[in-house]
1. Given the chain, report the % of alpha carbon pairs whose separation exceeds 36 Å.
2. Work out, in µm²/s and without decimals, the Stokes-Einstein translational diffusion coefficient of segment 99-248 at 20 °C, 1.002 mPa s, Rh from Kirkwood over C-alpha pairs.
3. Which of the peptides 35-43, 85-93 is most tightly packed, and how do the rest follow, going by the mean number of other Cβ atoms within 10 Å of each residue?
4. Which one, Phe23, Asn141, Thr96, is farthest towards the positive end of the dipole of the chain when Lys and Arg carry +1 and Asp and Glu -1 on their Cβ?
5. Order these by the 10 Å Cβ neighbour count, fewest first: Met94, Met8.
6. Work out the FRET efficiency for Glu272 and Arg174 from their Cβ-Cβ distance, taking R0 = 41 Å, and round it to the nearest 0.05.
7. Can you list the residues, at least 5 places off or on another chain, whose amide H is less than 5 Å from the amide H of Ile211, using H built in the peptide plane?
8. Arg220 to Asp70: FRET efficiency via 1/(1 + (r/R0)^6), r the Cβ-Cβ distance, R0 45 Å, to the nearest 0.05?
Amino acid sequence: MKNKGITMTLVFEGESSNYGEGFGNVSSLKKITRQGGDAYSYISRQALRYNIVEQMGWNNTPVEASGKGDKKVIQFAPQATIQDYPEIDLFGYMKTEAKKDKKDDSTGATTRNAVVRLSNAISLEPYNADTDFLTNLGLANRLEANGSIVQSEIHKSFYSYTVTIDLEEVGVDREINLPEEEKKKRVKELLKTIQFLYRDIRGRRENLSPIFAIGGIYDRKTPFFENRIYLTPKGIKVEVLKDILSSDPDIEKNTKVGYLDGSFANSEEIKEKLNTIKINEFFNSIIKKMEEEC
């Protein structure tokens, strides 16, 4: 494909979708703290990658434990190639294997940078220390015993994350260069999965499908809209996005904005000033342009 990049920043509404290390009987959400002391929950890029690969059915790349003794690490098998396994084509790999000289017990590493880059999905609303209290009362009653109380941090918010794809590098790895149709097929499958993404966590299925999306295919491979989605009680700050759109003809010409009507308080402003289309039209327009022009 041509030396172009896809970048899109997406917003979805979700609840308590990524926990970190807990302590005692407390489950703690993954959070970051900004200047001023406000904490924001987030879903890590690794968690998003896991769900994307799993829902695409690409989580079959062979792996193995490499190294010696307690220093073994699990990594992709050396014989796995991007031709057979789309996961390592789009998300990269590091493969280590021992050198062929028996007198040399060192190892050599082969790496491939990720073609698809994901940011963390960070909440647009601060975490307010809400906590849920849980018990195993149903099971405890069967034994006429006392159930243990568990505390779990909870947070419902809008979240924003960014996806960037280097189209030139899809399907190309050293001597391997896949057919153009296969390259486009993989990117199309990725985009459709992101459109309908979900996450299973603690007995819930969270819908990560975007309600707002902005991006397109560009000559520059810059995530223009990353960290540029600001939420106020009045809705999304449209003027920030307008400023980015007007900063360069390539951005203004090639950017599409998808929106699920009614999702924010300033829906009319969003639709009017950003000339929005439906979410499915947003993804279809990028796919169509990729198939026709890249």
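1. When every Cα pair of the chain is considered, 28 percent fall beyond 36 Å.
2. In µm²/s, the coefficient is 104.
3. Result, highest mean Cβ count within 10 Å first: 85-93, 35-43.
4. Of Phe23, Asn141, Thr96, it is Thr96.
5. Details: Met94 14, Met8 27.
If I rank by nearby Cβ atoms, fewest first, I get Met94, Met8.
6. On the way: r = 49 Å, r/R0 = 1.20.
After rounding, the FRET efficiency stands at 0.25.
7. Hits under the 5 Å cutoff: Val11, Phe12, Glu13.
8. Result of the calculation: an efficiency of 0.50.
No lab work stands behind these numbers, since they all come straight from the coordinates. Here the structure is a predicted model, which is why all the values come from computation and not from measurement. Heads up, the Cβs are rebuilt from the backbone with ideal geometry, glycines too, and the neighbour counts pull from every protein chain shown.
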